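Engineer: Got a structure for you, written out below as structure tokens; questions coming shortly.
The values are calculated or read from the model by the stated rules, or taken from the named source; none is laboratory data. Owing to the predicted nature of the structure, the values given are computational and were not obtained by experimental measurement. Glycine also receives a Cβ, built like all others from the backbone with ideal geometry; neighbour counts cover every protein chain displayed.
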Amino acid sequence: MTEIPQERRVVTAIPGPKSVELQARRLETVAAGVGSTLPVFTARAGGGIIEDVDGNRLIDLGSGIAVTSVGASAEAVVRRASAQLADFTHTCFMVTPYEGYVEVCEQLAELTPGDHAKKSALFNSGAEAVENAVKIARVHTKRTAVVVFDHGYHGRTNLTMALTAKNMPYKQGFGPFAPEVYRVPVAYGYRWPTGAENAGAEASAQAIDQINKQIGAENVAAIIIEPVLGEGGFIEPAKGFLPAIAQFAKDNGIVFVADEIQSGFCRTGQWFACEDEGIVPDLITTAKGIAGGLPLSAVTGRAEIMDSAHSGGLGGTYGGNPVACAGALGAIETMRELDLNGKARRIEEVMKGRLAEMQSKLDNGDIIGDIRGRGAMIAIELVKSGTKDPNPQAAADLAKACHAEGVLVLTCGTYGNVLRFLPPLVIGEDLLNEALDVIEQAFGRI
Ligand SMILES: *Cc1c(COP(=O)(O)O)cnc(C)c1O
């Protein structure tokens, strides 16, 4: 395994000449619908660094969208996945099973909230996990309606497009969408009309009222929510909101699904973000951080709900691929050994401290309307000076300025005005502080 020096290095323009050449080839042959945040082609990556084909070393504050929490070449992931690769690449778990799949399900039962009997099924992508959670909830409840929330994101397949709130770019032109999907308000504290302190109680009351009046609770199979909303802008539902919705689901025989695909696996400083308010979901969907970069996802939940589907009703050719399972076991081993929950909490402390300082001391610091998130899932919501009007231009300009200096950041949010930070949890503190220096300087350039 190659050890990449953990230092930022900018030796060409970004993107450099070799990346520009590859980008030209890519534009000839890769469909235009598949975009890239930064057309810098990767040579290798690990720890907190992405090294490109021109020899630049970028500080990674994206983790490939919250995936490489243990780094992009974590020792235990590489070791276990390589060994598995040499033994066999695939048999199909539905044809002849293998131990790695079972071990991942055992780990999921142990790590997810609640001490009830749990079972899991493994898939390839986050969207596929969400789709299967809906299948399981429907067959279990014999009901059809699915409730999701404003600003929610659940994927790009047909059903998960319907579940996703934001039209552009996820849904525009791709309909018609799956039926029996209903969207209700979420407690977005920063933008709640009567203030963040009222958001939890008022939004949950509104959501519950809409479910009762517009759908009928007895028709609802599942309520699906991200405990920290990801693509929608790193929105932490105001305190009290999640417990109220979970209780309502319980009282009405509705399957409560926590979509922890982005927020799970140490990202927020706990194994799962829903633990923060003591929520025990009926089902939990995981993917992204689970396997150190290999494609794997899961639905985990109450054994009696998971077992509602008949044999052969769930699965897929590649679901729970043995190499991906080996990667997951390596990633989980790394999370435990390096206490990545503790690391995530330290990242929050460092980042929130520095960002608050920028907000108060920089000339244009007041465009930082809100600093939020938990663990290594931190964001700033950018607004026009002296207002709460979304400022997507500032988010785009800041991202561009950071990229030019070798710091990879991502944007998100319903209004495109959120700069989000998702460093690998193994990033060194010096490197993190250097990235924050670059972000601070970027404010001077916009
Ligand atoms: C990324 C994401 C998905 C979709 O996962 P894919 O692997 O891209 O299909 C679903 N839900 C949440 C919360 C996500 O962040």
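Engineer: Of the conditions (1) surrounded by fewer than 18 Cβ atoms within 10 Å (Cβ to Cβ); (2) touching a residue at least 40 places away in the same chain (Cβ under 8 Å); (3) within 16 Å of the ligand (Cβ to nearest atom), Lys171 fails just one. Which one is it?
Structural biologist: (2)
Engineer: For residues in the range 40-80 being among the small types (Gly, Ala, Ser) and more than 23 Å from the chain's Cα centre (by Cα), which is farthest from Leu436 (Cα to Cα)?
Structural biologist: Filtering first and then ranking leaves Ala43.
Engineer: Filter the range 241-250 down to residues that are among the hydrophobic types (A, V, I, L, M, F, W, C) and more than 15 Å from the ligand (Cβ to nearest atom) and give me whichever is nearest to Cys412 (Cα to Cα).
Structural biologist: Phe241
This table checks each residue for (1) within 11 Å of the ligand (Cβ to nearest atom); (2) surrounded by fewer than 24 Cβ atoms within 10 Å (Cβ to Cβ); (3) free of Cβ contacts under 8 Å to residues at least 40 places away in the same chain.
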{"site": "Asn252", "(1), (2), (3)": "no, yes, yes"}
{"site": "Val255", "(1), (2), (3)": "no, no, no"}
{"site": "Ile261", "(1), (2), (3)": "yes, no, no"}
{"site": "Gly269", "(1), (2), (3)": "no, yes, no"}
{"site": "Ala273", "(1), (2), (3)": "yes, no, no"}
{"site": "Asp276", "(1), (2), (3)": "no, yes, no"}
{"site": "Ile284", "(1), (2), (3)": "no, no, no"}
{"site": "Leu294", "(1), (2), (3)": "no, yes, no"}
{"site": "Ser297", "(1), (2), (3)": "yes, no, no"}
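Engineer: Inside the range 142-192, can you point out the residues that are under 20 Å from Ala221 (Cα atoms), within 20 Å of the chain's Cα centre (by Cα) and among the small types (Gly, Ala, Ser)?
Structural biologist: Of everything in the range 142-192, those that are under 20 Å from Ala221 (Cα atoms), within 20 Å of the chain's Cα centre (by Cα) and among the small types (Gly, Ala, Ser) turn out to be Gly152, Gly155, Ala162, Ala165.
Engineer: Could you count how many residues in the range 114-157 are under 24 Å from Gly175 (Cα atoms), away from the ligand (no atom under 16 Å from the Cβ) and among the charged types (D, E, K, R)?
Structural biologist: Total meeting the criteria: 2.
Engineer: Taking the stated definitions as given, is Phe241 in contact (Cβ under 8 Å) with a residue 12 or more places away in the chain and either on the phi > 0 side of the Ramachandran plot or buried (at least 23 other Cβ atoms within 10 Å of the Cβ) (or both)?
Structural biologist: Considered against the rule, which asks whether it is in contact (Cβ under 8 Å) with a residue 12 or more places away in the chain and either on the phi > 0 side of the Ramachandran plot or buried (at least 23 other Cβ atoms within 10 Å of the Cβ) (or both), Phe241 comes out as yes.
Engineer: Please list, ordered by residue number, the strands (runs of 3 or more DSSP E) wholly in the range 284-400 having 2 or more residues that are more than 30 Å from Asn132 (Cβ to Cβ). Walk me through it before giving the result.
Structural biologist: Working: elements: 297-302, 368-374, 377-382.
So the answer is 368-374, 377-382.
Engineer: While we're looking at this one, here's another question. Hey, Arg79 hits all of (1) surrounded by fewer than 19 Cβ atoms within 10 Å (Cβ to Cβ); (2) within 25 Å of Met377 (Cβ to Cβ); (3) of a type in the set (Lys, Arg) but one; which does it fall short on?
Structural biologist: So the condition that Arg79 fails would be (2).
Engineer: Would you please name the residue that is farthest from Glu381 (Cα to Cα), looking only at residues in the range 174-196 that are aliphatic (A, V, I, L, M) and buried (at least 16 other Cβ atoms within 10 Å of the Cβ)?
Structural biologist: Ala178
Engineer: Spot the failing condition for Val280; the list is (1) in a loop (DSSP other than H, G, I, E, B); (2) within 15 Å of the ligand (Cβ to nearest atom); (3) over 16 Å from the mean Cα position of the chain (by Cα), and only one is missed.
Structural biologist: Just one mismatch for Val280, condition (2).
Condition check ((1) aliphatic (A, V, I, L, M); (2) at pLDDT 95 or above; (3) in contact with a helix residue (DSSP H, G or I) (Cβ under 8 Å, 6 or more places away or on another chain)) across all residues:
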| site | (1), (2), (3) |
| --- | --- |
| Ala396 | yes, yes, no |
| Ala401 | yes, yes, yes |
| Gly406 | no, yes, yes |
| Leu422 | yes, yes, yes |
| Leu425 | yes, yes, yes |
| Glu429 | no, yes, yes |
| Glu434 | no, yes, no |
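Engineer: On to the next question. Restricting the range 174-196 to residues that are part of a helix (DSSP H, G or I) and not aromatic (Phe, Trp, Tyr), which is farthest from the ligand (Cβ to nearest atom)?
Structural biologist: Ala196
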